[in-house]
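Asks: Next up is a structure, given as structure tokens.
The values are calculated or read from the model by the stated rules, or taken from the named source; none is laboratory data. These numbers were taken from a predicted model, which means no experiment stands behind them. Don't worry about glycine lacking a Cβ; one is built from the backbone with ideal geometry, like all the others, and counts go over all protein chains shown. Only protein heavy atoms, including side chains, enter the accessible area calculation; ligands, DNA and RNA are left aside. Shrake-Rupley method; radii C 1.70, N 1.55, O 1.52, S 1.80 Å.
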Amino acid sequence: MIIVKSREEIELMRESALIVSKTLGMVASEIKEGVTTLYLDKLAEEFIRDHGAVPSFLGLYGFPNSLCMSPNSQVVHGIPNNKPLESGDVISVDCGAYKNGYHGDHAYSFEIGEVAPETKKLLQITKESLYVGIRELRLGNRVEDVGNAIQKYTEAHGYGVVRELVGHGVGQKMHEDPEMPNYGKKGRGKLFVEGMVVAIEPMINLGTRNIKQHKDGWTITTADGKPSAHFEHDVAIIDGKPEILSTFAYVYKALGIVSNEEDEFRKTPLVL
């Protein structure tokens, strides 16, 4: 069942989402060659708690850390460890924060040092596909309209769209209805309604769409060992149209990137 949010609840969710966005911005300023993912995880937990929130992922279904950190061929759910990051790595950093009774859930894939051109393009196309999908989150459309748009955009570049892992509704629980696959058939799935909030998160592989789960019960990698990319926003339907509650602006500020990609999904300009 889709749990519709009031405007007041959406504003509380925006606050949680922006704590996640700020956390990812902090990570962006610290992530580099030689740094360990476990170190970044500790920084993130402290940062989230310092902002009056609780890490959503810590203990969720038994997950041991505050960040899911998934380098290279890891798709999602990577467990932070003491292995230093190396130049050429790419890594998905997925973060959640719980405040005022609501979760925020948000992810960005980072480049470490000099990244191979084909991998750099994978990240670019995956991030672009996120916004392609978000445009379909509007009244009159259905769940698989979003997935179909993401699938068509990424498969046109020869990439593999992961089937087993999907986006989801978000609210008082981290995972709510509806599931939001990154593939599908236009016109199929649950109808979008005013006030719904979802996490849209393309998980796209450079090679095969097939994945495998490791013995730790969490880590998921591409079946062929090629890189994967992952980007995620929290998005609400307000006045029939998609409005992004999270932002990459804090990441971009840390990395010196100028972008207006989110402007069409905001009624008022974001003030950092």
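Asks: Taking E114 as the residue in question, decide whether it is open to solvent by 10 Å² or more (accessible area, probe 1.4 Å), part of a loop (DSSP other than H, G, I, E, B) and either free of Cβ contacts under 8 Å to residues at least 24 places away in the same chain or under 20 Å from T247 (Cα atoms) (or both).
Replies: No.
Asks: Using the structure shown, decide if G104 is small (G, A, S), open to solvent by less than 60 Å² (accessible area, probe 1.4 Å), on the phi > 0 side of the Ramachandran plot and modelled with pLDDT of 95 or more.
Replies: No.
Asks: Could you look through the stretch 66-100, keep only residues that are aliphatic (A, V, I, L, M) and not in a strand (DSSP E or B), and pick out the one that is least open to solvent (accessible area, probe 1.4 Å)?
Replies: L85
Asks: Among the residues of the stretch 229-240, is any closer than 25 Å to P64 by Cα and open to solvent by 30 Å² or more (accessible area, probe 1.4 Å)?
Replies: No, the conditions are met nowhere in the stretch 229-240.
Asks: Anything in the stretch 133-191 that is under 28 Å from F57 (Cα atoms), open to solvent by 10 Å² or more (accessible area, probe 1.4 Å), in a loop (DSSP other than H, G, I, E, B) and among the polar types (S, T, N, Q)? List them, or say none.
Replies: Of everything in the stretch 133-191, just one residue is under 28 Å from F57 (Cα atoms), open to solvent by 10 Å² or more (accessible area, probe 1.4 Å), in a loop (DSSP other than H, G, I, E, B) and among the polar types (S, T, N, Q), namely Q172.
Asks: Taking only the stretch 87-144 into account, find how many residues are more than 20 Å from P227 (Cα to Cα) and of a type in the set (A, V, I, L, M).
Replies: Adding up the residues that qualify gives 6.
Asks: Here's a check for you: in the stretch 202-223, which residue that is among the β-branched types (V, I, T) and in contact (Cβ under 8 Å) with a residue 60 or more places away in the chain is most open to solvent (accessible area, probe 1.4 Å)?
Replies: Checking each candidate, the answer is I211.
Asks: Being under 20 Å from the mean Cα position of the chain (by Cα) and among the charged types (D, E, K, R) is the filter; apply it to the stretch 1-31 and report the residue that is most open to solvent (accessible area, probe 1.4 Å).
Replies: Checked the stretch 1-31; the qualifying residue most open to solvent (accessible area, probe 1.4 Å) is E11.
Asks: Checking the condition within 22 Å of I211 (Cα to Cα) and in contact (Cβ under 8 Å) with a residue 12 or more places away in the chain, which residue from N65, N100, N72 passes?
Replies: N72
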